[in-house]
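Below: the structure, in structure tokens.
The values are calculated or read from the model by the stated rules, or taken from the named source; none is laboratory data. All figures in this text were calculated on a predicted structure; none of them were measured in a lab. Methodologically, a virtual Cβ is constructed for each residue, glycine included, from the backbone with ideal geometry; neighbour enumeration extends over all protein chains shown. Accessible surface is based on the protein model in full, side chains and every heavy atom, while ligands, DNA and RNA are left aside. Shrake-Rupley method; radii C 1.70, N 1.55, O 1.52, S 1.80 Å.
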Amino acid sequence: DALRSALRSGNEEVIGDLFQKCEDPLMKKQMCLLLGRHRVNYEVEDDDEADELNELIGNVHVSEQFLKLAQDLDVMDAKTPEDIYKSHL
């Protein structure tokens, strides 16, 4: 929430402090995805997973992630109205 507020107010100097205070690796990945979505140029340097986090910020694997999500939701193939509405019931 703090990152979202900082991005909305245009206060990008706080981003480094937020990354240093955050200890949860999943939360850091979510923060990087949010930075990538807002197209903020920020580079993580002092982290064990810096390469992976910088790839998330740079939207390197976004198309692959969307395809994986589409496969998980089973929306890759076109469906007919009968598949959706189950008119036989």
Just to be sure before I move on: is Gln71 in contact with an Asp or Glu (Cβ under 9 Å, 6 or more places away or on another chain) and open to solvent by 100 Å² or more (accessible area, probe 1.4 Å) in the structure I sent?
no
Please find, among Glu23, Glu13, the residue that is open to solvent by 30 Å² or more (accessible area, probe 1.4 Å) and touching a helix residue (DSSP H, G or I) at 6+ places or on another chain (Cβ under 9 Å).
Glu13
From the list Gly10, Gly16, which one is small (Gly, Ala, Ser) and in contact with a Phe, Trp or Tyr (Cβ under 9 Å, 6 or more places away or on another chain)?
Gly16
Got a sec? Which of Glu45, Glu55, Glu23, Glu13 is over 12 Å from the mean Cα position of the chain (by Cα) and not in a loop (DSSP other than H, G, I, E, B)?
Glu13
Odd one out for Met76 among (1) open to solvent by less than 80 Å² (accessible area, probe 1.4 Å); (2) touching a helix residue (DSSP H, G or I) at 6+ places or on another chain (Cβ under 7 Å)
(1)
Among the listed residues Leu18, Leu35, which satisfies the condition of being assigned to a helix (DSSP H, G or I), of a type in the set (A, V, I, L, M) and over 16 Å from the mean Cα position of the chain (by Cα)?
Leu18
Is at least one residue of the range 71-89 modelled with pLDDT of 90 or more, of a type in the set (S, T, N, Q) and within 15 Å of the chain's Cα centre (by Cα)?
no
